Structure formats: C-alpha cells, structure tokens
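Read the structure below first, then the notes.
The values are calculated or read from the model by the stated rules, or taken from the named source; none is laboratory data. No experiment lies behind these values; they were computed from the predicted model shown. Cβ atoms come from the backbone with ideal geometry, glycine included; neighbour counts cover every protein chain shown.
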Amino acid sequence: MATQRDAKATFDDTLKAVHPQDGDGNGKLGDFTTNWRVVPISLLATLIGVVCAFVALALLRLIGFFTNLFYFGRWNTTMVSPVGNHLGVYSVFVPIAGALIIGVMAKYGSERIRGHGIPEAIESILLNGSRIEPKVAILKPLSSAISIGSGGPFGAEGPIIMTGGAVGSMIAQLFHLTSAERKTLLVAGAAGGMSATFAAPVAAVLLAVELLLFEWKPRSLIPVGLASAMAAVVRRYILGFGPLFPVPVHPLFIGPRALLACVLVGLLAGALSALLTLSVYAAEDAFQRLKLHWMWWPAIGGLAIGLGGLVFPQALGVGYDTIGALLQGSVTTHVILGVLLVKWFIWAVSLGSGTSGGVLAPLLMMGGALGGLEAMVLPYEGAGFWPLISMGAILAGTMRAPFTSIVFAFELTHDANVFLPLLVAGVVAHGFTVLTLRRSILTEKVARRGYHLSREYAVDPLEILFVREVMRTKVAVLAAGSTLGEIWPSLRLDHRQEQRLLPVVNPEGQLVGVVTRGDISQQMEHNGDAVPGLPIGDLVRTNAVEAYPDEPLRVVVYRMVEKGCTRLPVVERTTRQFLGLVSLNDLLKARTRHLEEESRRERHLQLKWFTPGKTEPRDGVRA
C-alpha cells in the first residue's frame, strides 16, 4: 500500500501542474488554473519588456540610418521620408540594391528573416516549441531596416514583433522552463516591442492574445501585460509620449445616419481587406512559378518599388507622415489615389517576393486613403474622421483581430470619441472577411506551409462536464472473495464482452482493485481446471488508476494520456465506494452534447395570435 500511495502522490503532483486545484487539492475547482509559477515568469517578462523597448529604439534608429544613407548620402539616424531625395531616375536602383542585400542575408544567414514577421512568430510558437535562433534576433531587424530604409513600403511592427519575440525566446532558453512558459515570454517580447514602437501598450496585449497566445489565461496574460506596460514606460524616456498620430477632436455621438455610414465603411473595408490579402498571395504564387532561386525574388520586388517610387514617391518607406496627413484631412485626391493604387501595387509585389517588412503601417495608410475617398460622399463628422474609421476597419478585416484594431486606432490617436464608430465598422469588416476568406493575411502563410491554425476561442466541453455526468453505473462487478471457478462460467457466456475492465470490491462496496478479462482468460487457458479455487484477489491489480465523480473530464483525459489507460474505475474520494466506470467512449458524450448544441435547432416559445370574434376553446366548447 505504501507503494500505491507514493505513486498516487506523484501523479497528483503532475496533475496539479497541468490542472491546479484550490487549496488542499481535495477536488475543489476554481475559475482559473494559474498557480504561483506565474510570479517568476512575470518578473522575467518585465525584464524582457525593458529590453524590448531599447530593441524598438534600435530598430527605428536603424531605419532612419539606412534611409538617410541610401537616399541622402548622410550619416544620420533621424527618421525621414525618401520623398525629396535628389537621385532622380537613379532612385529606382536603391530598392533593388536593398533587396539584393536581403536576399543574400536570407540565403546565407537565416531564411526566417523573410516575410512580415507575425506568421514567422506564429510558426515558432506552434512548431518550434517557442524557440527562436539567436541570429534571427540580429538579422531580422537589420534586414527590415535595410528593406524599409531602401524604400520598402512596409512598417516596423512585424519585424519588431519577430525581433522582440526572439529576444524573449532567447532569455527564456537560459532557464529551465516549459514550452508554454517559453511561449509566454516570446509573446511578452513581441508585445513589448510593439508597445514601445507605437506607444500602444493595451493594443499590444490584445494583439498578443488574438494572434500569438492562442489562449486567454492569467498564466500568460499577466506576464504579457506587465511586459507591454514596462515597455511603454521605458518608451516615454527614450522615444517620448504618444499619441503617434494626433487628430482633431471628433463629436462624441455622430447620430444614426453616420452610424449607418459606418456599416458601409465596414463593408468597403472588408472588401478591400479581402482584395489586399488575395493580391499578396497572388504575387507570391507568381514568384513561386519563376525558375529563379528565391534569393533573387526580392530584387524583382525592389524593381517594382523603385518604379512605383518614381510615379508616387509618397508610397516609399513607412509613410508615417502620409498617415498623419490623412488623419488631419489635409491630403489631395492625387495623394489618396496614389496611396490606393501605387502603394497597394508595390506593397503586394514586394511582400509576395519574400522581402522583410511589416503590414500594419501599409494597412493603416491604405485604409486612410479609402476613408479619404469615402469622406467625399459621407456625412461630415470632422477632419480625418472617415480615414480614421476606415483605418481601424481595414486592420480588423485584414488581420482578423477586431479588438486589437479598435484599441490600436484609439491609442494611435487618443480620440476616445470614435470607439462606437470603430466598433461598428470593425466588426462589420471582420464579419465580411470571415465569411468570404478562409484565412487571414497572417495565417494563410502558415497554412501554405502545411499547418492548420484555428483562431476561435471557446471553453472546452471536457472542462465543464464532470465524470459523474458520463460514467456508466450499470457495470459488472466482482466480489473480492470470489474464485475463478465461480466467475468464469458467467464471463464465458457473456458473448458481448463489452466491459473489459472488471472492478473488484469488498463486501462494503469499496474498490479493492481491478482485473481484466484478459487476465482471467490467460489463467484459465494456461492452468485449465487446476485453479478453479484460485481467489480472484490473487489477480487483482491494486494500483489501479482511478477517477473521481467531481472531476472535470479534461482532468481524466490528461490522466488517461499520462498513464496509458482508456478505462478508469470511479470511486468516492473519502469512502472509496465504487460508483462506476468511465472510458474514452464515455468522454465522447461531451463532444456529442457540444455538437448537438451547435447543430440542433429548436423552438421553445410559441406566439399565439388572437383574431377578433374568436376565442380559445374552453371545457371542450368553442364560442
């Protein structure tokens, strides 16, 4: 019995690590499964937030440095726009040169620097145990800075998410942590980098939840939130305060007519989001058909950037100045059309070519341009109102992250009056793309590598159903004092043999152990009639893995996986009274119930209409 108790204690310790319970571990369940392990993880995440703030500063300075070097021939780290350079037609060769450098870095450094950052972070979390190579933390920001600095129409957010994630992953790999804990710290780095770059700490946490964590649990939300907050605090000392794009004051309430217009904005933003996504992957498919090695693809994308920059220079680079002008309502129709047509084209082609850069800033710019067109016909609600609403809607539709988009638009502008219009337009755009596209611009790349990612979060049915609700109580039970000769005839005549695990109980109904049909058959076949008087107790396995009636089914699933069992006896915790059996087939009942809730349609209320001159029958007589 001592060995059995030791084994059970070891298992309980393992179970608490996976599914912690309240207080004394007597089966009382709480709202959350987080334990005190979250404290040291949060301390590490806070440190990562500080580091990632300086990483974001370094990336922005690198972008400024390469922009100044490539377009103006000077050594300066100030963020500038390529617009106004004096290279003339020779400016076409700048993006090509930058793309060639990136191709070489990807070929001989790390292929993971290709792309816009977030899909690569998702892949590291899902497939690589949240481990990112240290060289990615160096090559990714460097390649992105070269790409954007040489005119690439990208933002800094994707690279900083990947770079911050790499920093968080490297720090995590210095300690003995689980894969889930490394994931938390990787995402903490990504959120810290985004928070410091855009002065948007809350949106950074929401993006982490909606795109990277694949869960909403305190064990990950608390560390990520603290990392994002710390990065925002440090940013105020090294980069200054927000908002990044100040806007004029907009009305607190815009009225029903304008809210209906927000629905139209959401539909148009959803349509544009779908077209943007399709265009990027159409360009990627076109590059896949080329006979050239992928190392040379970014140079072709660089050529498209250079030609687009000749036609419309404002399409080059990050474009923060153009975004700010759109939100101020101070741009011409020429700029609006240039952003929508030229920026879209060079962004889709260059991103499809596999160069390095982010998608948030280009989406903001193109969303603002769409809003600029809409402002010409929609009710006037203040300068830059419709560009701002359209920006949020484009993000919600393209990235499939509506809450992130709404809060992000607010933190970029500090305009709290637009929450309601952003909510309406954002959820409509989100709904449009969910119904028309199977995947977002971020998850499509993961899917093209042969993996599936679900973006829906719900409570597991196995978490809310208990063992007592699915266990079988009408089962065959053997008495501890019986012999093989007494039970063998009835077992042999039972042709169904559905119940392979046979519980053995004492006269008080308490579980002594279990025996299988195979154990009994083997004894009878090998020893024949020589052991009819053998007590069943000699075959009993007293170290049986048990289940309890007040346990969620999810706990039982974990136990079955760990112990390699598919059937468990169910006993009372205190009295050890045998209650029944639970098996894998019984656990499927939870899934069946969930499926029925999703698919079965019923009408429970009936509306009865009364017409004049008619009354309901009473006592069998109709009036």
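Identify, please: which residue in the stretch 444-477 is among the acidic types (Asp, Glu) and under 23 Å from GLY431 (Cα atoms) and is, among those, surrounded by the most Cβ atoms within 10 Å (Cβ to Cβ)? Looking at the filtered set, the residue picked out is GLU444. Here VAL318 passes the criteria (1) surrounded by 24 or more Cβ atoms within 10 Å (Cβ to Cβ); (2) part of a helix (DSSP H, G or I) except the one numbered (2).
Select from the stretch 189-203 the residues that are over 19 Å from VAL318 (Cα atoms) and buried (at least 24 other Cβ atoms within 10 Å of the Cβ) and list them in ascending order. Explain how you work it out, then say what you get.
Of the stretch 189-203, the ones over 19 Å from VAL318 (Cα atoms) are 189-192, 201-203.
Across the stretch 189-203, the qualifying residues are GLY189, ALA190, ALA191, GLY192, PRO201, ALA203.
Tallying residues that are within 23 Å of GLN510 (Cβ to Cβ), assigned to a loop (DSSP other than H, G, I, E, B) and of a type outside the set (Lys, Arg) within the stretch 556-587 yields 4. For beta carbons closer than 9 Å, sequence separation of 6+ or different chains, a first residue in the stretch 364-388 that is assigned by TED's automatic domain parsing to the domain that holds ALA269 and a second that is in a helix (DSSP H, G or I) and acidic (Asp, Glu), the qualifying pairs are TRP386/GLU374; PRO387/GLU374.
Restricting ASP6, ASP22 to those that are outside the structural domain of VAL561 (by TED's automatic domain parsing), modelled with pLDDT under 90 and either of a type in the set (Phe, Trp, Tyr) or in a helix (DSSP H, G or I) (or both) reduces the list to ASP6.
Within the stretch 256-267, residues that are within 17 Å of GLY431 (Cα to Cα) have Cβ atoms under 7 Å from residues that are in a helix (DSSP H, G or I) and of a type in the set (Asp, Glu) in these pairs: VAL265/GLU374, counting only partners at least 6 apart in sequence or on another chain.
Assuming GLU120 fulfils every condition listed in (1) surrounded by 15 or more Cβ atoms within 10 Å (Cβ to Cβ); (2) over 27 Å from ALA348 (Cβ atoms) apart from one, which condition is it? Failing condition for GLU120: (2).
Does ALA106 satisfy the criteria of being part of a helix (DSSP H, G or I), modelled with pLDDT under 90 and assigned by TED's automatic domain parsing to the domain that holds LEU212?
Yes, satisfied.
Has the stretch 124-131 got any residue that is of a type in the set (S, T, N, Q), within 18 Å of MET170 (Cβ to Cβ) and surrounded by fewer than 21 Cβ atoms within 10 Å (Cβ to Cβ)?
Here is the first cut: in the stretch 124-131, the ones of a type in the set (S, T, N, Q) are 124, 128, 130.
Those left that are additionally within 18 Å of MET170 (Cβ to Cβ): 124, 128, 130.
Then keep just the ones that are surrounded by fewer than 21 Cβ atoms within 10 Å (Cβ to Cβ); that gives 128.
For the stretch 124-131, residues of a type in the set (S, T, N, Q), within 18 Å of MET170 (Cβ to Cβ) and surrounded by fewer than 21 Cβ atoms within 10 Å (Cβ to Cβ): present.
Between PRO218, PRO223, which is of a type outside the set (Val, Ile, Thr) and crowded, with 24+ Cβ neighbours inside 10 Å?
Working: PRO218 fails: crowded, with 24+ Cβ neighbours inside 10 Å.
After applying the criteria, what remains is PRO223.
Go through the stretch 473-486 and give me each residue that's among the β-branched types (Val, Ile, Thr) and part of a loop (DSSP other than H, G, I, E, B). Within the stretch 473-486, THR473, VAL475, VAL477 qualify. For beta carbons closer than 7 Å, sequence separation of 6+ or different chains, a first residue in the stretch 502-519 that is under 16 Å from THR574 (Cα atoms) and a second that is of a type in the set (Phe, Trp, Tyr), the qualifying pairs are VAL505/PHE578; GLY509/PHE578; GLN510/PHE578; LEU511/PHE578. Restricting attention to the stretch 401-429, the residues that are under 18 Å from the mean Cα position of the chain (by Cα), more than 19 Å from ALA271 (Cβ to Cβ) and in a loop (DSSP other than H, G, I, E, B) total 0.
Scanning the stretch 245-262 for residues that are touching a helix residue (DSSP H, G or I) at 6+ places or on another chain (Cβ under 7 Å) and buried (at least 20 other Cβ atoms within 10 Å of the Cβ) turns up PHE245, VAL247, ILE254, CYS262.
Residues in the stretch 67-90 that are among the polar types (S, T, N, Q) and either outside any helix (DSSP H, G or I) or crowded, with 21+ Cβ neighbours inside 10 Å (or both): THR67, ASN76, THR77, THR78, SER81, ASN85.
Given the conditions (1) on the phi > 0 side of the Ramachandran plot; (2) within 38 Å of the chain's Cα centre (by Cα), report the number of the one that GLY84 does not fulfil. GLY84 satisfies every listed condition except (2). As a summary of the residue check, LYS217 satisfies the conditions (1) within 22 Å of the chain's Cα centre (by Cα); (2) modelled with pLDDT of 90 or more except for the one numbered (2).
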